[in-house]
Each structure stands twice: as structure tokens, then as C-alpha cells.
Amino acid sequence: MRGVEIDDLVRLRRARDRMDRDYAEPLDVPALARDALMSPGHFSRSFRAAYGETPYSYLMTRRIERAKALLRRGDLSVTDVCMAVGCTSLGSFSSRFTELVGESPSAYRARDHDHGAPIPACVAKMHTRPVRNGEAKSDAGP
């Protein structure tokens, strides 16, 4: 988190906490920047410096994380899940889901998820968090 002032970190954390809590709401960079008392440009640069990804990327990761949980339940359609997590475009949601998870929302929903039932939710969340494909490749080695 080099290059980011402590006061900025406090404000950035407030915006990140809002994304974690209100992921299904229509959030955009200007609104989040206002929460952090920053200009949109400064907010985006500072957020990326502090957390290693853009605000949009962070928000979409939260949305996809929640979408995975809803899809595992199996009682909602992919379109319903898309709308429930705050996405307004099914195409963009499906593309981003596939990019982060490695399979389409429909394929993920259709897969058997009973093997994870006895695992505590806090542990399952750590192991099912979506990871961008670039991060997955770098973890696998050169």
C-alpha cells in the first residue's frame, strides 16, 4: 500500500466497505469517490494503489462471489441472479462470471455442489472467491 496516505486509506476502506455491503445497489466510481471525499480520478488511482485492482473490478468480484452462492442454491435463474447482485446486463454479467470463475453461470449452476455442504461458510468463502484468470495463471507458475 505504498504511496497511499493513511487518511486516504481510511476513506478508501469506507468506500470498499460500502461495496462489500451494498454490492447489489447501483454503485459507480463518482458516488464511491464522493463517499471517500476524493475526486473520481484520485479515488480510482488510490484504490488501485491500495488494493491492487480498480474499484469496478473489486465490486464485480464481490458481485460474482455472491452470484456463485445464489447459483449454488439452484432455485434462481441466471437472469434472476444477475439482477439480484446488481448487474443490469446479462451479457456483461455472464462474460465477467466466465472470466473470473472459468465457466459460464449456467454451467456453474448445473454442476453438483453438494460436496461442499459440510464445509463451514467462512471456509468455503475463502476457497470459492473468484480470481481473475491472470492471477490464477500467475499462481500456477510461469
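The values are calculated or read from the model by the stated rules, or taken from the named source; none is laboratory data. Source: prediction; values computed, not measured. Cβ coordinates were reconstructed from backbone atoms using ideal geometry, including for glycine residues, and neighbour counts include every protein chain displayed. With ligands, DNA and RNA removed, areas are computed over all heavy atoms of the protein, side chains included. Shrake-Rupley method; radii C 1.70, N 1.55, O 1.52, S 1.80 Å.
A few comments on the model shown:
- Taking N as its residue count, the alpha carbon Rg of the stretch 1-99 over 2.2 N^0.38 Å: 1.15
- Segment Asp114-Val10, length gained on full extension (0.36 nm per residue, minus Cα span): 33.5 nm
- Share of carbon and sulfur in the accessible heavy-atom surface of the stretch 1-52 [1.4 Å probe, %]: 49 percent
- Förster radius 30 Å - calculated FRET efficiency between Asp22 and Ser77 (Cβ-Cβ, nearest 0.05): 0.80
- Nearest-10 value in Å² for the accessible area of Leu37, using the 1.4 Å probe: 130 Å²
- Spacing of the modelled spin labels on Ala69 and Glu99, each 7 Å from Cα toward Cβ, amounts to 2.3 nm.
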